[in-house]
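**Q** For reference, the structure I am asking about is given below.
Only the coordinates and a few stated rules stand behind these numbers; no lab work does. Note that the structure is predicted; figures quoted are calculated from it, not measured. Note that each Cβ is placed from the backbone with ideal geometry, even for glycine, and that neighbours are counted across all protein chains shown.
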Ligand code: SF4
């Protein structure tokens, strides 16, 4: 059984404004699985549904977001859990931080700016496990941060006294303190310079390698996926359009949109200009019929405007949803 199995998930935002109701189809019929002991990357441009996917997978489903169809099943150590049916109490007490943790883009969102780092650890551990012995607690978190290559002195500092990279390492230390089965890393290196970025990604990789848990790495940066992810899923306009082991995605992309993403990556020594994709991502309140990529796709044919392409298994763990896979391959 996979660690996480998402089946035919439809998660929409329903909004009412001036008596007009709108349905934004942010996740529309997405199916995927995540295995234990893998780093799964999710890529795609802004508004493709990455953030909504994170919300659903982490159980942060609040109106106007609602799940209309599908299931999100986890195989946690303590048993199987369907995230679409779990209660808020269960989420707070037993799932968040302990089974699923989150590394956000801005580490300041998790660190309290007016409390020393140790206090944030204290808040999280006391809420989920309680602290019976303060000496043991301090020893435990000192050991934990040391293991992650941080000097234990950081515990006594305020977040503003740390560099951006150090803060993000502390955020990773917080996310791993209970050794959760899944770490969701949402654009964890955006806003960091490339050297620090490399260190943070290396740390995430090392932690995953050691604890053999699952990391869901969400970023629009394909270079990050190339360096870190074991498998990559490409999203476009609320749908998964391609998925494959990362080497295959970069060596032999099959979907026209994936091809575009890969070809836009800079190559050392290549002085030719990169051409952008024409058009803009569709409005998900009124997405195009058929293949949602058809208004921008250079290979679109008539049937693309009316028929939704189904995911096809292409072998070697690769699958893609396109009516012209043979054409793309050539
Ligand atoms: Fe392009 Fe048609 Fe394939 Fe969509 S289904 S990606 S429009 S060729």
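**Q** Which value results for Rg/Rh of segment 42-135 when Rg is the Cα radius of gyration and Rh the Kirkwood radius based on the inverse mean 1/r? Walk me through the intermediate numbers first.
**A** Working: Rg = 15.8 Å, Rh = 15.6 Å.
Ratio of gyration radius to Kirkwood radius: 1.01.
**Q** For the ranges 238-247, 58-67, what's the packing order if you count other beta-carbon atoms within 10 Å of each residue, average per peptide, and put the highest first?
**A** Values: 238-247: 23.1, 58-67: 14.9.
Result, highest mean Cβ count within 10 Å first: 238-247, 58-67.
**Q** Related question: Report the antiparallel proportion of the DSSP beta bridges in segment 158-281 as a percent, rounded to a multiple of 5.
**A** Details: 6 of 11 bridges.
Percentage antiparallel, nearest 5: 55.
**Q** While we're here: So what's the angle, to the nearest 10 degrees on a 0 to 90 scale, between helix 194-211 and the longest Cα principal axis of the chain?
**A** That works out to roughly 80 degrees.
**Q** I need to check one value: relative contact order of the chain, counting alpha carbon pairs closer than 8 Å and at least 6 residues apart, in percent. Intermediate values should be presented prior to the final figure.
**A** On the way: 572 pairs, mean separation 67.1, N = 330.
Normalised by residue count, the contact order of the chain is 20 percent.
**Q** If you don't mind, another one. Report for the chain the percent antiparallel among DSSP-assigned beta bridges with both residues inside it, nearest 5.
**A** Details: 35 of 54 bridges.
Counting only bridges with both partners in the chain, antiparallel ones make up about 65 percent.
**Q** Based only on Cα atoms, what mean projected area does the convex hull of segment 113-195 have, in nm²? Before the final figure, lay out each step's value.
**A** Values: hull surface 24.0 nm².
For the Cα atoms of segment 113-195, the hull's average projected area reads 6.0 nm².
**Q** Compute the angle between helix 117-128 and the longest alpha-carbon principal axis of the chain, please, reported from 0 to 90 degrees and rounded to the nearest 10.
**A** Roughly 80 degrees, rounded to the nearest 10.
**Q** Another one. Percent of Cα-Cα pairs more than 16 Å apart in segment 124-250, please. Before the final figure, lay out the partial values.
**A** Numbers: 5345 of 8001 pairs.
Roughly 67 percent, once rounded to a whole number.
**Q** Using Cα-Cα distances under 8 Å and only pairs 6 or more residues apart, what relative contact order does segment 1-67 have, in percent? Intermediate results must be reported in sequence, preceding the final value.
**A** Working: 94 pairs, mean separation 26.0, N = 67.
Worked out over segment 1-67, it gives 39 percent.
**Q** Give me the angle, in degrees from 0 to 90, between the Cα long axis of helix 134-147 and the longest principal axis of the Cα atoms of the chain, rounded to the nearest 10.
**A** Taking the Cα atoms of the chain, the angle to 134-147 is about 50 degrees.
**Q** In deg cm²/dmol and to the nearest 500, what is the mean residue ellipticity at 222 nm of the chain if only DSSP H runs of at least 4 residues count, each as -39500 (n - 2.57), divided by the residue total?
**A** Working: 9 runs with 90 residues, N = 330.
Mean residue ellipticity, 222 nm, calculated: -8000 deg cm²/dmol.
**Q** Over segment 32-164, what is the relative contact order in percent, taking alpha-carbon pairs closer than 8 angstrom and at least six residues apart?
**A** Working: 74 pairs, mean separation 23.0, N = 133.
With pairs under 8 Å counted, the relative contact order is 17 percent.
**Q** Let me ask another. I need the fraction of alpha carbon pairs in the chain separated by more than 25 Å, rounded to a whole percent. It would help to have the intermediate numbers written out before the result.
**A** On the way: 29538 of 54285 pairs.
That tail contains 54 percent of the Cα-Cα pairs.
**Q** Let me ask another. Of 189, 84, 51, how do they rank once you tally other Cβ atoms within 10 Å and put the fewest first? Walk me through the intermediate numbers first.
**A** Numbers: 189 25, 84 17, 51 14.
Fewest to most other Cβ atoms nearby, the residues stand as 51, 84, 189.
**Q** Kindly give the semi-axes, whole Å and largest first, of the ellipsoid equivalent to segment 273-312, taking each as the square root of 5 times a Cα gyration tensor eigenvalue. Walk me through the numbers on the way to the answer.
**A** Values: eigenvalues 74, 39, 16 Å².
Semi-axes from the Cα gyration tensor: 19, 14, 9 Å.
**Q** Using the alpha carbons of segment 186-330, what is the convex hull volume per residue in cubic angstrom, as a whole number?
**A** Here the figure is 144 Å³ per residue.
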